[in-house]
Amino acid sequence: MGTRLSESQQYGHLWGTHELAEVFEERARLQSWLDILVALAAAQARLGIIPSEAAAQIALNARASQLDLELVASETRRTSHSMLGLIRALQQVLPDEAREHVFVGATVQDVTDTWFALVMRDVGSVLWRDLRAIEDVLLAMAVEHRDTLMVGRTHGQPGSPITFGFKVASWADEVRRHLQRLLEGRPRWLVGQLGGAVGTLGFFAPYGVQLRAEFCAGLGLSEPPISWLTSRDRIAEFGALLATICATLARIGNEVYELQRPEIGELREPTTEDTVGSITMPHKRNPEGGEHLDTLARLVRANAQVLTEGMVVGHERDGRGWKAEWIALPEVCLLTGAALETGLRLLSGLIVDVEAMRSNLDGHGDQPASERILAGLTTRIGKHSAQRLMHDVLAPGSRDVHHVFDALVAAGEATEHDRDAWISWEVGDAGIMVDAVVDRARQARSSEPEAWA
């Protein structure tokens, strides 16, 4: 059992998913490292750097399930070296003739940076799948509520009318941009690393670049044009994308959080009969999902900042930023997986109260029509004069003027003839924009791959 709440049996489900935990779980991580060593040995054997028989034995025996993990841990502690514990445990299960051919000429960072590329491939595939699932839900919701009127709010205050479909379409459009970023970033991130001591591949001369190409190809990764031992922008960019994805989900979660307030009551999170909102106030239905999306996003931003800090390192190798990534990158990935799972569950069961939306809109009198009234008055006396006039008549910030048009009539600035033209729940081109978002997304989805990697 882990020492962190995020690793506990009781709370672990809040901070990660089982699927992504399997990527970072210790045996899975060690197996990935062993797979990298197998790919290195195979590439070296093809170039005659080590015997083919040794590479075959390494491939046959490089199984985390066969290794003594106690030995791995104790040798790591004893030697104060990040990789020797694993190497010695692997040598222990190899025949004598293969033991000297493990991990030849490579460094810890060659293994762990290449592992990062494999991690980004695995995590990116989950991001792609779950974001597309969320987008699918949002597009359907935007279409369904294209013309569902509700109060538009700015600075937390009621403003002009919008439609719920317009709000949802803005969420969907943001998710689509994250999908585009995933596609654009893939060739930058899925890049292997084999640089040796200072990145020059000096140990492998004159076969260095050729070996690197063989090594990367064996893992299904791209080859870098130059070693990136202290060039950490790939990791930082990936972390930043996950932070922005979680920020989008938190924005959606905060909307649900606010609009679920009983005095608004326009949205409600899905729940089950077993869900307990409060053990002291049983009447409450807490917005657990929306609230948790904000919490997760805060943690992801904090850890993503550690990855950004990792870009500021020195010379040709610097463990300060690179080893901090060992903690921060898994955290970012696991937390984002939890956010995607939470967001999809929340949106898939979101309860939309159309009647409450309309009731809230009507409850403000004709205040939400003030923009349209301003537009009508502008045609008569000019925009700035109209704005000054309404400023004086309405005493901005006051809730006393519930009927804007009647106040203008009383002031002699409007007539009953203007009422029908000036008072309407006009939402501008909201519907056109909803249609554009949906059409663009569906067109993109029809031609893009189902799977990312």
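Scan region 76-88 residue by residue and report those that are under 37 Å from the mean Cα position of the chain (by Cα) and crowded, with 16+ Cβ neighbours inside 10 Å.
Scanning region 76-88 gives T76, S82, M83, L84, G85, L86, I87.
Can you say whether V23 is under 19 Å from F204 (Cα atoms) and at pLDDT 95 or above, as far as the supplied structure shows? Spell out the reasoning first.
Values: under 19 Å from F204 (Cα atoms): no; at pLDDT 95 or above: yes.
Considered against the rule, which asks whether it is under 19 Å from F204 (Cα atoms) and at pLDDT 95 or above, V23 comes out as no.
One residue is enough: does region 139-154 have a residue meeting the conditions part of a helix (DSSP H, G or I), at pLDDT 95 or above, under 17 Å from G428 (Cα atoms) and not aliphatic (A, V, I, L, M)?
Checked against the condition, which is being part of a helix (DSSP H, G or I), at pLDDT 95 or above, under 17 Å from G428 (Cα atoms) and not aliphatic (A, V, I, L, M), region 139-154 yields no hits at all.
Could you list, in sequence order, the residues of region 1-37 that are free of Cβ contacts under 8 Å to residues at least 60 places away in the same chain, surrounded by 19 or more Cβ atoms within 10 Å (Cβ to Cβ) and of a type in the set (A, V, I, L, M, F, W, C)?
Passing the criteria: L30, L34.
For region 346-392, what are the residues that are hydroxyl-bearing (S, T, Y) and surrounded by 12 or more Cβ atoms within 10 Å (Cβ to Cβ)?
First pass over region 346-392, keeping only residues hydroxyl-bearing (S, T, Y): 348, 359, 370, 378-379, 385.
Hits for region 346-392 are S348, S359, S370, T378, S385.
Could you check, for region 183-198, whether at least one of its residues is under 26 Å from R445 (Cα atoms), of a type in the set (D, E, K, R), assigned by TED's automatic domain parsing to the domain that holds L307 and surrounded by 16 or more Cβ atoms within 10 Å (Cβ to Cβ)?
Checked against the condition, which is being under 26 Å from R445 (Cα atoms), of a type in the set (D, E, K, R), assigned by TED's automatic domain parsing to the domain that holds L307 and surrounded by 16 or more Cβ atoms within 10 Å (Cβ to Cβ), region 183-198 yields at least one hit.
Can you pull out the residues in region 321-345 that are among the small types (G, A, S) and crowded, with 19+ Cβ neighbours inside 10 Å?
Taking region 321-345 first, the residues among the small types (G, A, S) are 321, 324, 328, 337-339, 343.
Selection gives G321, A328, G337, A338, A339, G343.
Of all the residues that make up region 1-28, how many are part of a helix (DSSP H, G or I), within 20 Å of L329 (Cβ to Cβ) and under 22 Å from the mean Cα position of the chain (by Cα)?
Step one: filter region 1-28 for residues part of a helix (DSSP H, G or I), giving 5-7, 12-14, 18-24, 26-28.
Within this subset, residues satisfying the condition of being within 20 Å of L329 (Cβ to Cβ) are 5-7, 12, 14, 18-24, 26-28.
In the following step, the residues that additionally are under 22 Å from the mean Cα position of the chain (by Cα) were identified as 5-7, 12, 14, 18-24.
Selection size over region 1-28: 12.
It is to be established whether one or more residues within region 41-60 are buried (at least 16 other Cβ atoms within 10 Å of the Cβ), modelled with pLDDT of 95 or more and closer than 20 Å to D122 by Cβ.
Within region 41-60, none of the residues are buried (at least 16 other Cβ atoms within 10 Å of the Cβ), modelled with pLDDT of 95 or more and closer than 20 Å to D122 by Cβ.
Run down P282, P287 and say which single residue is buried (at least 19 other Cβ atoms within 10 Å of the Cβ), at pLDDT below 95 and farther than 27 Å from L183 by Cβ.
On the way: P282 fails: buried (at least 19 other Cβ atoms within 10 Å of the Cβ).
Answer to the check: P287.
Given the structure, is G428 within 30 Å of E174 (Cα to Cα), surrounded by fewer than 18 Cβ atoms within 10 Å (Cβ to Cβ) and in contact with a Pro (Cβ under 6 Å, 6 or more places away or on another chain)? Outline the logic, then answer.
Numbers: within 30 Å of E174 (Cα to Cα): yes; surrounded by fewer than 18 Cβ atoms within 10 Å (Cβ to Cβ): yes; in contact with a Pro (Cβ under 6 Å, 6 or more places away or on another chain): no.
Judged against the criteria, G428 is not a match.
List pairs: first in region 427-453 and outside the structural domain of D136 (by TED's automatic domain parsing) and farther than 30 Å from S160 by Cβ, second aliphatic (A, V, I, L, M) and surrounded by 13 or more Cβ atoms within 10 Å (Cβ to Cβ), Cβ under 7 Å, 6+ apart or cross-chain?
Pairs that qualify, where the first residue is outside the structural domain of D136 (by TED's automatic domain parsing) and farther than 30 Å from S160 by Cβ and the partner is aliphatic (A, V, I, L, M) and surrounded by 13 or more Cβ atoms within 10 Å (Cβ to Cβ), are W452/L182.
Can you find a residue in region 197-212 that is under 28 Å from W452 (Cβ atoms), touching a strand residue (DSSP E or B) at 6+ places or on another chain (Cβ under 8 Å) and either assigned to a helix (DSSP H, G or I) or of a type in the set (D, E) (or both)?
Going residue by residue through region 197-212, those that are under 28 Å from W452 (Cβ atoms) are 212.
Subset that is touching a strand residue (DSSP E or B) at 6+ places or on another chain (Cβ under 8 Å): none.
Checking region 197-212: not a single residue is under 28 Å from W452 (Cβ atoms), touching a strand residue (DSSP E or B) at 6+ places or on another chain (Cβ under 8 Å) and either assigned to a helix (DSSP H, G or I) or of a type in the set (D, E) (or both).
Just one of S160, S125, S170 is farther than 27 Å from E341 by Cβ and either without any contact (Cβ under 8 Å) to a residue 24 or more places away in the chain or small (G, A, S) (or both); which is it? Break it down into steps so the answer makes sense when it comes.
Values: S125 fails: farther than 27 Å from E341 by Cβ; S170 fails: farther than 27 Å from E341 by Cβ.
Only one candidate qualifies: S160.
Would you point out the residue of region 119-158, among those that are closer than 30 Å to H402 by Cβ and charged (D, E, K, R), that is surrounded by the most Cβ atoms within 10 Å (Cβ to Cβ)? So that I can check it myself, show each step before the final result.
First, the residues of region 119-158 that are closer than 30 Å to H402 by Cβ: 145-158.
Now restrict to residues that are charged (D, E, K, R): 146-147, 153.
Values: R146: 18, D147: 13, R153: 16.
Top of the filtered list is R146.
Going by the structure shown, is P262 surrounded by fewer than 16 Cβ atoms within 10 Å (Cβ to Cβ) and not in a helix (DSSP H, G or I)? Quick ask: steps written out before the conclusion?
Values: surrounded by fewer than 16 Cβ atoms within 10 Å (Cβ to Cβ): yes; not in a helix (DSSP H, G or I): yes.
The answer is yes for P262.
Going through region 350-408 one residue at a time, which ones are farther than 17 Å from I423 by Cα and part of a loop (DSSP other than H, G, I, E, B)?
Those that are farther than 17 Å from I423 by Cα and part of a loop (DSSP other than H, G, I, E, B): L350, D353, G382, A395, P396, G397, S398, R399, D400.
Would you be able to say whether some residue in region 224-233 is basic (K, R), farther than 30 Å from I373 by Cβ and more than 23 Å from the chain's Cα centre (by Cα)?
Looking only at region 224-233, we keep the residues that are basic (K, R), and these are 232.
Among the residues that remain, those that are also farther than 30 Å from I373 by Cβ are: 232.
Right, trim to more than 23 Å from the chain's Cα centre (by Cα) and you get none.
Looking for residues that are basic (K, R), farther than 30 Å from I373 by Cβ and more than 23 Å from the chain's Cα centre (by Cα), one finds none in region 224-233, hence no.
Which residues, counting only those in region 77-110, are on the phi > 0 side of the Ramachandran plot and in contact (Cβ under 8 Å) with a residue 24 or more places away in the chain?
Narrowing region 77-110 to residues on the phi > 0 side of the Ramachandran plot: 80, 103, 105.
Correct list: F103, G105.
With V332, V312, V306 as the choices, which residue is in a loop (DSSP other than H, G, I, E, B), at negative phi, β-branched (V, I, T) and in the same structural domain as P287 (by TED's automatic domain parsing)? Before you say what the answer is, go through the steps one by one.
Numbers: V332 fails: in a loop (DSSP other than H, G, I, E, B); V306 fails: in a loop (DSSP other than H, G, I, E, B).
Result of the check over V332, V312, V306: V312.
The values are calculated or read from the model by the stated rules, or taken from the named source; none is laboratory data. For clarity, every value in this text was computed on a predicted model and none was experimentally measured. Note that we place each Cβ from the backbone using ideal geometry, even for glycine, and neighbour counts take in every protein chain shown.
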